[in-house]
Every structure is written in structure tokens, then in C-alpha cells.
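Trainee: Could you have a look at this structure, given as C-alpha cells, before my questions?
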Amino acid sequence: MPSSLTGGCLCGAIRYTISAPIAALRACHCTNCQRASGSGGTVNAVVASDSFKITKGATKRYDDSATHSGRTLSRHFCADCGSPIYSHRNPNPGFVVVRAGSLDDSSGMKIATNIWTASARSWDHIDPSTDCHPGNLPPPPPKA
């Protein structure tokens, strides 16, 4: 995988770089991601906030406060073509969730985890060999 990944929107108004490797992708099947994507949900790369940089243009933001998790999720997209680019929780916990379809090259990446599978559409395929959660991921264990 290249040392720096690039991506952007459909019309080219938004461009970004990611300076950290992407280990795996996470698919979200919540109803809000279904509506925001117009499909079965979103496929995402979770990356540290400081490794993600917009290099061209500025995104428009929609603060989604009607999430099942109860958190406000800021969804960033291109105001010209509507392409979803990334999202983050509020307050930002130190990571952003980049839409994998906006990457220029996602070859070699695979979905490792599926979340909110309880609300997945019946026609949306979920690979049973992946880590699946009916809701959100469980919180990480406390640090010792």
C-alpha cells in the first residue's frame, strides 16, 4: 500500500490525502448511512484525524443528530456534486471515517467489520466471514 493515499469527490472540487495506512474497512448498515448514501449503507476507512487532510476545496457539513447511537455525527460532502467524503463524531474523538468509495485506489482493501447489521436491507450482502455486530462496535476495554 502506498505511503500516502489520495481521494476526492466525483466532480474534483474536493481532494484529500491520508498519510497513514488503512488496515481494514468497516461497513455501516444503519438507516442513517443508508439514507445518506442512497444504498445499503457506507463502506469506510477509520483513520486518525491528524493523518487526514483536505488538499483542495472545502466540504459542506450536515450535523446528523438523529443517530441510533445518540451521538451527533458530522457528515462532510461536496456541495457541488453531493459526493460523501467523510464523517466524524462530535466532539471529534481523534479519528475520521472516510468513505472508501472516495479513495482513488482502494485495491487490496477488504471489509473486515460490519456494524448495525440489525438494520441492514434484506438485499444487501454481508459476508458472514467478517466480524458482524447488530449495533455499534462494543467499547474498547479499559486501559490498565
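The values are calculated or read from the model by the stated rules, or taken from the named source; none is laboratory data. All figures in this text were calculated on a predicted structure; none of them were measured in a lab. Ideal geometry is used to build each Cβ from the backbone, glycine not excepted, and the neighbour counts take in all protein chains shown. Side chains included, ligands, DNA and RNA excluded: accessible areas come from the protein's heavy atoms. Shrake-Rupley method; radii C 1.70, N 1.55, O 1.52, S 1.80 Å.
Trainee: Output yes when any residue across region 43-56 is open to solvent by less than 50 Å² (accessible area, probe 1.4 Å), assigned to a loop (DSSP other than H, G, I, E, B) and under 25 Å from SER4 (Cα atoms), and no when none is.
Mentor: For region 43-56, residues open to solvent by less than 50 Å² (accessible area, probe 1.4 Å), assigned to a loop (DSSP other than H, G, I, E, B) and under 25 Å from SER4 (Cα atoms): absent.
Trainee: Does GLY135 satisfy the criteria of being open to solvent by less than 30 Å² (accessible area, probe 1.4 Å), at positive phi and touching a residue at least 60 places away in the same chain (Cβ under 8 Å)?
Mentor: For GLY135, the condition - open to solvent by less than 30 Å² (accessible area, probe 1.4 Å), at positive phi and touching a residue at least 60 places away in the same chain (Cβ under 8 Å) - is not met.
Trainee: Go through (1) touching a residue at least 40 places away in the same chain (Cβ under 8 Å); (2) among the hydrophobic types (A, V, I, L, M, F, W, C); (3) within 25 Å of ALA23 (Cβ to Cβ); (4) open to solvent by 50 Å² or more (accessible area, probe 1.4 Å) for ILE85 and report which single condition fails.
Mentor: Answer for ILE85: the failing condition is (4).
Trainee: Let me ask another. If you scan region 1-42, which residues turn out to be surrounded by fewer than 17 Cβ atoms within 10 Å (Cβ to Cβ), of a type in the set (S, T, N, Q) and either on the phi > 0 side of the Ramachandran plot or not in a strand (DSSP E or B) (or both)?
Mentor: Within region 1-42, SER3, SER4, SER19, THR31, SER37, SER39 meet the criteria.
Trainee: Moving on to the next point. Look at region 88-104 and say how many of its residues are modelled with pLDDT of 95 or more, open to solvent by 30 Å² or more (accessible area, probe 1.4 Å) and among the charged types (D, E, K, R).
Mentor: The number of residues fulfilling the criteria is 1.
Trainee: ASP64 passes all but one of (1) open to solvent by less than 30 Å² (accessible area, probe 1.4 Å); (2) closer than 23 Å to ALA24 by Cβ; which number fails?
Mentor: Tallying (1) open to solvent by less than 30 Å² (accessible area, probe 1.4 Å); (2) closer than 23 Å to ALA24 by Cβ, ASP64 fails exactly one: (2).
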